[in-house]
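Peer 1: Sharing a structure here in structure tokens format.
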């Protein structure tokens, strides 16, 4: 999701809603991703409310692409059997 939206980023609440996760599940995962430099976050004002928006980093993009290629190779091999 973060890779898809790129520079626009994704609001915390939108990630939570799309993935149907609770704060207790999403929060720790986003903290881990930030600690490992896969995402960064910024507070932004929207309609006079402060929201947290998450952005994928370059390192996050590279890792995401590696995982996508790895998954593609698994499913391509499985389909050929």
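Peer 1: Looking at this structure, is residue 19 surrounded by 14 or more Cβ atoms within 10 Å (Cβ to Cβ), within 19 Å of residue 68 (Cβ to Cβ) and under 13 Å from the mean Cα position of the chain (by Cα)? Reasoning before the result, please.
Peer 2: Values: surrounded by 14 or more Cβ atoms within 10 Å (Cβ to Cβ): no; within 19 Å of residue 68 (Cβ to Cβ): yes; under 13 Å from the mean Cα position of the chain (by Cα): yes.
Judged against the criteria, residue 19 is not a match.
Peer 1: Look through 33, 26 and report the one residue that is part of a helix (DSSP H, G or I), touching a residue at least 12 places away in the same chain (Cβ under 8 Å), touching a strand residue (DSSP E or B) at 6+ places or on another chain (Cβ under 9 Å) and surrounded by 13 or more Cβ atoms within 10 Å (Cβ to Cβ).
Peer 2: Working: 26 fails: touching a strand residue (DSSP E or B) at 6+ places or on another chain (Cβ under 9 Å).
Residue meeting the stated conditions: 33.
Peer 1: So which residues in the stretch 36-51 are out of contact with any helix residue (DSSP H, G or I) (no Cβ under 6 Å at 6 or more places or on another chain), in a strand (DSSP E or B) and without any contact (Cβ under 8 Å) to a residue 40 or more places away in the chain, if there are any at all?
Peer 2: Of the residues in the stretch 36-51, the ones out of contact with any helix residue (DSSP H, G or I) (no Cβ under 6 Å at 6 or more places or on another chain) are 36, 40-51.
Then drop every residue that is not in a strand (DSSP E or B), which leaves 40-46, 49-51.
Within the stretch 36-51, 40, 41, 42, 43, 44, 45, 46, 49, 50 meet the criteria.
Peer 1: Another one. Taking the condition modelled with pLDDT of 95 or more and exposed (fewer than 11 other Cβ atoms within 10 Å of the Cβ), does residue 8 pass?
Peer 2: no
Peer 1: Further, regarding this structure: From (1) within 12 Å of residue 3 (Cβ to Cβ); (2) touching a helix residue (DSSP H, G or I) at 6+ places or on another chain (Cβ under 8 Å); (3) surrounded by fewer than 13 Cβ atoms within 10 Å (Cβ to Cβ), pick out the condition that doesn't hold for residue 56.
Peer 2: Condition not satisfied by residue 56: (3).
The values are calculated or read from the model by the stated rules, or taken from the named source; none is laboratory data. Predicted model, so just to flag it, every value in this text is computed and none were measured. FYI the Cβ positions are ideal-geometry reconstructions off the backbone, even for glycines, and counts take in every protein chain you see.
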